[in-house]
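Since every read-out is calculated from the coordinates, none of them should be taken as a lab result. Computed from a predicted model, the values in this text were never measured in an experiment. Because the Cβ atoms are built from the backbone with ideal geometry, glycine has one as well, and the counts that use them run over all protein chains shown.
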Amino acid sequence: MSLFRPLLVRSLTMVGVFFVVLLMLVLTLGLTGFSDRILAATIGEQLRAERTALAETIRDPDEMEKVLEKRREELEIFYGLRTPWYYRLPRTALRVLTLDLGEARSLRSFDGSNRVFDIVTERVPNSMLLLTTSFVITAIIGVIGGSYLATRQGSWLDRFVSGFAAVSFAIPTWWIGILFILVLSIQLRILPSGGMYSTPPPTEPLPRFFDLVSHALLPVITLVLVSFGPSIYSIRTITLNIAQEDHVKIARAKGLPESRVRLRHILRVAAPPIVTGLMFGLAGSVSGSILVETVFNWQGMGRLYYDALAGTPDENVIVALTFIFTLMYVLIRIVLEVLYVFLDPRVRYTD
Amino acid sequence: MSRANALRVLLRSGPGFGGVSLLCLLILVALYVLLVFPLDFGESQWSNPVVWVDNPKAVPPAWTNTLRREARPPHRIFEGAEPHTVQMARSGPVHSWRFPLTYASSHPPTFLAVTLADVKYEERPPLVLISLKRPDGKQLRIYRHAVRGPREGESGPFLRYGQTPLRVQLSTDEATVTAVQNFLADEFDLRLDGAQIGGRVDRFLFGVPTGDSEAAFAPLTGDYEIIVQAAMREEGDSVGKIRFVVGGAVFGLMGTDSLGRDLARGLLFGVPVALFIGVIAALLSTAIGTSLGIASGYLGGRADITIQRISDIVANVPVLPLLIFMLFIVGPSLWMIIFILVIFGWPGLTIQIRSMVLHLRTNQLVEAIQSLGASRRRVMFRHILPQITPYVFAQLIFGAPAAILSEAGLSFLGLGDPSIPTWGQILEAGFRTGGIYLGYWWWIVPPGLCIVLTALTFMLLGLGIEPVVNPRLRRSPP
Amino acid sequence: MTSLLDVRDLTFHYADRAGPVRAVDNVSFSLASGGSALGLVGESGSGKSSLALAIMRMLPTNVARYDGAIWLNGQELLGMADERFRQEIRWRKLSLVPQGAQNGLNPVLRVGEQIVEPLIVSGTAAKREATARALELLAYVGLPADVYDRYPHELSGGMKQRAMIAAALILDPPVVIMDEPTSALDASVQTQITNLLKRLMQDMNLAIIFITHDIALASDVCDDLAVVYAGEIVEIGSADQVLLHPSHPYTQRLLASIPRLHDDTTPQFIPGAPPDLREPPAGCRFHPRCPLVFEPCAQKSPPAFEPEDGQLARCWLFEDGQG
């Protein structure tokens, strides 16, 4: 019971974020006249298709134009192009919400579907794989490294890591990825330069898995390399602050073994702020993985952005991606919020 | 702390000193660029292929030759306006230009190209001839061009190649191929067909047959001479400009990209742009973040709640997808990028400033001053703001690298402002055209290094300034 | 008769950037037996909390000097190996209720878990016995049984203080060090806690080292009082002696600075500030603030003289009486 309220409050904030993003999407589409342009293009395409069909029955070009003009009117009313965009706004929002994301212009899903829903959703697991793997590895390195460094405050290693963490903020993740490709894939030919599987992909499950791992290695290393410095550093600082609290002194006075003091009286207490730190880092990880997917041609949603932006942009795909990314982000955030509420008894009652 | 004292503390710390020196360097470079480069460099030069047409494509920097055992041919450009000599022939004056070319490389040039501009004649068009004199004494005419005659209804004097100069890529020019074919047949008794010569003209012109096989040529090093002659018909006829390019396999300080653009120039232009993006975006988002934070903490009540709700939500939004989306919708322009970065850049600061203001307001000193009858406003500006300012200043500095990195990332996705080249866009071009898979490191590494260096400058400055603004840090912990 | 706890010439300095900080210097005192209490009284920054930590051997990493002797039940503690000290002495023989006990509880663990933790970790008792013992103690310190399953933030300041006391008693130690156990509490709760302490000493035959800045409070609980100034004990004696016949000028000033009810005298402040323990004054450390300062004070640090039986004072004024 006591868990329920704070969970609800925190989840509602994230749902709020989600709806605000949705609103921003729809408003931007409407205010800039972009949705009108998309609709007009859709109608134009439909008319072109119908023209070829009608050409079978109608020979007279004038009559053809008349029929088509009438048809255009019908379609414009049907799609709501005759009414201002804000009347269409709720319907657009609802469509996006129900994942009715329209059709792609030129992009296709792996099995050839042109439904945006198919194109985007089949890439969600790929993105999640990269994002969560690197996120979890970063978190683990951060916790282990951070709590170790907290015991070596002021040592050269401590100073090195804090310097490294500061430098990390100045390095574009994706550029590190490019350097890796340049050196490890192109020059030394140790690891594949991109994609998720070799061509042709291995069919046996085990070789297929190892093939995936070898392809995932560079993107994951890239993502971890740029984020683990700040992660270690912030966890070190959190741990150090907690190690100076009175209850830790008492735990030592109790004659508890040092390992137990570290685990239950420092790290366990540091867990909630560490999770908060991870939550702040998450937004950065999402951005990082979009760019790193692009660099490594990882068939996830981030790479899809790049492909959708290239050449003739695929508007529907871009709208859908932004929406699904937000959805994914909000879901991971809610998981972390739940974790936080479980880790920190203080929020369970004060909310 | 006095300003001079603050500066001394800043300069004495390692990061502070590094940051200040790097920033000075960057500012100097930016000033140089602003003085030397046209402001519309992006449109008039960078994305204008005509400017770069005579450059070799995707070649490494010239200094890489010092690292290589076999030097690659450098890029040579010969230009002439006034003729070197004028001789009178029966048909009229002959203007000639002689360009000496010492060739020491074991590779042939990558291409040969000639450009004519501003040809002027009174009645009958001049004839342009180009010959190559080789170190072995052999000489051949590689190009012959009759300037276009008067059109119907046109009256003299006639101007040709004024707006668009005539540029001929000799390496693939049919007449040149035929000339080389004849030359090989006459001099070396080699009979090759056009397909064997086309595109590889340079190897034959700058080489001698090895005898191994018909088309096997070894480079011939030594002193060459390029002789350009223009046979005029009248006294006043002239060729305004002549330009002969011997394409190199290395170029300039930073090499070229696949369009032949001089990367050094692109990288230089990126300096003021990056500084501009970083400073303006950080300045605006800090200004908004600070004023909203102060308003929130100072006004309290409904305004506070509203500002907090909004900043909570904006702070929790996954920024990059929305940045991509909005830039895509409104179209890529540098101002738009800065505007959007600012829109998403303020909430963190607002939340922090608010809690600082709240904390300071309940501070005993401030309460005491208030109880002595100081107005809220006076308390705000005299007692709260001065305590926040140093912190805001540090945040301002830390905000710059974030903006620079974001712009680079967006440019890398293809959302950069096409009229203003940035380092991110150079990288994007290198990536999209496959430069990285071809190992064109000079196209990939320097722009990234520039981004890192600039972002690092601000990070170091920030680290150096932290102890200045935060006295607690001035002494390191025991 | 050997006493329960005998501290001899305990010295503890730690290194700071500017040099060693003489937090505890040549401190000697003893606790006769269970059921008695010694009050360590001093201004904040006088080194009394450092003394508590030095006795518990809770030293920082930058310790510069740590010597002297501590005899507990005839066993010398300073020479004991760290690991053995941790297993045999901490909490078993000496436990601690820290200053600001508000923060002495781990915020994310239930109170009961924290009370039984030493019992269970040391393997002395099974979970069920440990719980039963903890509930007993909770009841004894006046807390309801459901506190066992609550988190610290759900308790009031007084409740946390009682819970800390219960925790300190879980291994039945003969000596408990209480560092300002009542300083953050309001007056009525303060009285409840001091009454609890008195009860404890009687019922459990507990010896208490009571550290406080409040000399009146100390005299309420303690049989003996020691006045700490700048890392040294300047005067020690029975509570009556110290309160009624303070010998050391510092003690006299300290007593004069306390506001009294039913009295017209205005409290006197002690001029000056306590010295920086990095560079304490030469000779008697109180001499720059002392109204009775004379020649030898700045020259040599005074040894302990005995102005009255059982009352010791480090002050040159009593050199003559000593002979």
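For this structure, a couple of remarks:
- Dipole magnitude for chain A: computed about the Cα centre from +1 point charges on Lys and Arg Cβ and -1 point charges on Asp and Glu Cβ, it is near 1820 debye.
- Max mean-square fluctuation residue, GNM over chain C, Cα-Cα springs under 10 Å, options C:D240, C:D309, C:D67: C:D309
- Cβ-based charge dipole, the protein assembly as shown, positive-most Cα from C:T212, B:T422, A:M14: B:T422
- Dipole-positive endmost among A:L47, A:L75, A:P90 within segment A:33-118 (Cβ charges, Cα centre): A:P90
- Listed cross-link partners A:K249/C:K93; A:K254/C:K198; C:K48/C:K160; B:K138/B:K241 are compared with a 21 Å cut-off, the Cα-Cα value being larger for A:K254/C:K198; C:K48/C:K160; B:K138/B:K241.
- Counting Cβ atoms of other protein chains within 10 Å of each residue's Cβ and taking the mean over peptide C:105-114 gives 5.
- Anisotropy class of segment C:226-323 from Cα gyration tensor, a/c 1.5 cut: oblate
- Of B:A62, C:G272, A:L179, farthest towards positive along the dipole that unit charges on Lys, Arg, Asp, Glu beta carbons give the protein assembly as shown: B:A62
- For the peptide A:318-325, the mean number of other protein chain Cβ atoms found within 10 angstrom of a residue's Cβ is 4.
- Amide proton proximity set for B:V94, modelled H, under 5 Å, gap of 5+: B:Q87, B:M88, B:A89, B:M232
- The distance from the alpha carbon centre of segment B:408-464 to that of segment A:260-291 is 30 Å, rounded to a whole number.
- Neighbouring Cβ atoms from other chains, within 10 Å of the Cβ of residues in B:324-337, number 4 on average.
- Peptide packing for A:201-209, C:124-132, A:314-322 was compared via the average number of neighbouring C-beta atoms within 10 Å per residue; ordered from the highest value, the list is A:314-322, C:124-132, A:201-209.
- Gaussian network model of chain C, springs between alpha carbon atoms under 10 Å - residue of C:I55, C:I89, C:I270 with greatest fluctuation: C:I270
- Packing-based exposure ordering (other Cβ within 10 Å, fewest first) of B:M88, C:M204: B:M88, C:M204
- Fewest-first ordering of C:W71, A:W175, B:W46 by other beta carbons within 10 Å of each residue's beta carbon gives C:W71, B:W46, A:W175.
- Total charge dipole magnitude, segment C:1-89, about the Cα centre, Cβ charges on Lys, Arg, Asp, Glu only, Debye to nearest 20: 160
- Modelled label positions at B:I310 and C:R17, each set 7 Å beyond Cα in the direction of Cβ, lie 4.3 nm from each other.
- For segment A:60-89 versus segment A:206-240, the gap between their alpha-carbon centres in whole angstrom: 53
- Magnitude of the charge dipole, segment A:212-334, Cβ model with Lys/Arg +1 and Asp/Glu -1, debye to 20: 960
- Net charge over other residues, Cβ less than 10 angstrom from the Cβ of B:S105 (K, R count +1; D, E count -1): 0
- In terms of the mean number of neighbouring beta-carbon atoms within 10 Å, the peptides B:295-301, C:36-42 order highest first as C:36-42, B:295-301.
- Each DSSP beta bridge with both residues in chain C is either parallel or antiparallel, and the antiparallel ones are about 60%.
- Distance histogram for segment A:79-138 (every C-alpha pair counted, 10 angstrom bins, percent rounded to whole numbers): 20, 31, 29, 16, 4, 0
- Gap separating the Cα centres of segment A:152-172 and segment C:164-228, nearest whole Å: 46
- Exposure proxy ranking, count of Cβ atoms within 10 Å, fewest first, for C:V121, C:V227, B:V246: C:V121, B:V246, C:V227
- When peptides B:278-288, A:5-15, B:231-241 are sorted by average Cβ neighbour count within 10 Å, with the highest value leading, the order is B:278-288, B:231-241, A:5-15.
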